[in-house]
Amino acid sequence: MNAEEAVTSPQDGPTPRWSLGSSSGLHYGSFANSLASLTPMAVEKPAISPRRAHLAVAVLCYVNLLNYMERYTIAGVLSNIQRFFDIRDSTAGLLQTVFICSFLLLAPLFGYLGDRYNRKYIMIGGLSVWLVTAAGSSLVTESYFWLLVLLRALVGIGEASYSTIAPTIIGDLFTGGQRSIMICVFYIFIPVGSGLGYIVGAGCANLTGDWRWALRITPILGLVGLFLLVFLCPNPARGAAETHGQGVAEQTSYKEDVKYLLKNKSYVWSSFGVTAMAFLTGALAFWMPTFLSRAQVTQGIRPPCTKEPCDPTDSYIFGAVTVVTGILGASLGTGLSRWLRNKVSNADPLICAVGMLGSAPCLFITIFVASESIPATYVFIFLGELLLSLNWAVLADILLYVVIPTRRATAEALQITVCHLLGDAGSPYLIGTISDAIRKVKPGTHAWSFRSLKYSLLVCPSVGIVGGLFFLMTSLYITEDRKAAQELIAGTGNEGPPPQPNPAPEPSMELSNSNK
């Protein structure tokens, strides 16, 4: 069996020539996932043919786009849903909360499976469940809101399987600079998908006069994604990109994996930062279109919504802003990372800190200027989302180069669990609950309905500041973790494959993200 056959086998491939056992004496964070990312001697070489690898990333990006479109379609038609079921803000926020809760509770399971079994089959199974439950959500009648809540919870099964595993496959297809670019492209589709979710959801509701048609588009497109995943996505051996197709084997228990990750300070502090970002983006994504709509009603720009479909203009504009800022922000963040990393060893967490801290004043101004000027509000929304979007790809890259290949899925899963449990699982519901509590002071007025949501959203800038501080803490440890890994690999040839000669790279060849 040749190297490419080993990589693309549905199984985990043959036993490689070298492994990393739990008794190898490696200190936490001392072995990063990528030999090419840690040693000047390493040369980038894809695990499988470049054409197949790029095709696989294209398929994963397409499914990622649909995942986030489906997630935020609900937010795009939230006003219609509230009117259809006659529910309050806190009850509406429950739709997102139950989805995120099932997502985070199942992520550790898929992380465990993803580090041990065929990742392609796991994603196919999860995506199949997602298609059925997402389509089922569109069939719920007005007397069965509880069923809509249940189906939203089940949709989280598909997303948990995919979001946990897909980045690890990309990590096993590319190394170094190419990996940074592919991760950037993959994570660009988070804000792009989110923005299109608002636009497509609101557009379908407006065209058909029925919000439930908005929930039927992504399952239809998802069937195409399932077909592409089955036939075009490989299951590379873990660590294949770093070991030229052979992979890395490590026999450890789940308890040992968790202990390793908890001792990795760069991973822990960056996970706290991701949690703050999830809280912030989850609350804004769910409530901002509704907030903008209420602001315009208060200013007399438009009448309040009294029948379906409600005016979709705010969902269109906010969705478009999210798409544009997502593309620009993720590209800018990755570009800054690649430019600064050779000059500033802890550039990645510093970029994330600047993004979070810089977004806080923008969001604060957004909340208060909305009652005076909608155009000015969109300007500050644009700036705030642009700064937040700097972090998407950089955060994924941090995880990939501080966690060894056989623990990446577990690392992704635990980070997903923590960031959603303490982040966007509760933030939409919390904002809605605070809004309802404030509204009780002056019930029944449109102006006070706007102000109650306005005051509840003030939680978001505060969380942004805390998240920035978490990333500053990450910056204190990430250089030490990387340096320890470099010293280990340079000084102990028996811990991994021998260093490769360092031929002069071709002009198109990218060096490692972490090369100094």
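From G335, G329, grab the single residue that is assigned to a helix (DSSP H, G or I) and free of Cβ contacts under 8 Å to residues at least 40 places away in the same chain.
Result of the check over G335, G329: G335.
For every residue, the table says whether it meets (1) at pLDDT 80 or above; (2) in the same structural domain as I74 (by the TED database); (3) outside any strand (DSSP E or B); (4) small (G, A, S).
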residue	(1), (2), (3), (4)
K259	yes, no, yes, no
F279	yes, no, yes, no
S293	yes, no, yes, yes
P304	no, no, yes, no
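Can you tell me which residues in the stretch 126-160 are open to solvent by 30 Å² or more (accessible area, probe 1.4 Å) and either assigned to a helix (DSSP H, G or I) or outside the structural domain of L78 (by the TED database) (or both)?
Taking the stretch 126-160 and keeping what is open to solvent by 30 Å² or more (accessible area, probe 1.4 Å), we get 128-129, 132, 135, 139, 141-147, 150, 154, 157.
Across the stretch 126-160, the qualifying residues are S128, V129, V132, A135, F145, W146, L147, L150, L154, I157.
Mind listing just one residue for me: the one in the stretch 404-449 that is over 30 Å from the mean Cα position of the chain (by Cα) and part of a helix (DSSP H, G or I) and, of those, nearest to F291 (Cα to Cα)?
Here the answer is S449.
Go through the stretch 163-177 and give me each residue that's modelled with pLDDT of 80 or more and part of a helix (DSSP H, G or I).
T164, I165, A166, P167, T168, I169, I170
Residue pairs, Cβ under 9 Å, 6 or more apart or interchain, first in the stretch 389-402 and in the same structural domain as K265 (by the TED database), second at pLDDT below 75 and hydrophobic (A, V, I, L, M, F, W, C). List them.
Within 9 Å, the pairs are L400/A32; Y401/A32; Y401/L38; Y401/A485; V402/A32; V402/A485.
Tally the residues that are assigned to a loop (DSSP other than H, G, I, E, B) and either more than 15 Å from F291 (Cα to Cα) or open to solvent by 10 Å² or more (accessible area, probe 1.4 Å) (or both), restricting the search to the stretch 62-98.
Total meeting the criteria: 3.
Within the stretch 113-125, can one find any residue that is open to solvent by less than 10 Å² (accessible area, probe 1.4 Å), assigned by the TED database to the domain that holds I188, under 29 Å from F227 (Cβ atoms) and at pLDDT 80 or above?
Yes, there is a match, as at least one residue in the stretch 113-125 is open to solvent by less than 10 Å² (accessible area, probe 1.4 Å), assigned by the TED database to the domain that holds I188, under 29 Å from F227 (Cβ atoms) and at pLDDT 80 or above.
Give the residues of the stretch 181-237 that are under 17 Å from Y316 (Cβ atoms), touching a Leu at 6+ places or on another chain (Cβ under 7 Å) and surrounded by fewer than 24 Cβ atoms within 10 Å (Cβ to Cβ), sorted by residue number.
Answer for the stretch 181-237, where residues must be under 17 Å from Y316 (Cβ atoms), touching a Leu at 6+ places or on another chain (Cβ under 7 Å) and surrounded by fewer than 24 Cβ atoms within 10 Å (Cβ to Cβ): just V192.
The values are calculated or read from the model by the stated rules, or taken from the named source; none is laboratory data. Please read these numbers as outputs of a predicted model, since none were measured by experiment. Note that each Cβ is placed from the backbone with ideal geometry, even for glycine, and that neighbours are counted across all protein chains shown. When the accessible area is computed, the model is the full protein with side chains, heavy atoms only, and any ligands, DNA or RNA have been set aside. Shrake-Rupley method; radii C 1.70, N 1.55, O 1.52, S 1.80 Å.
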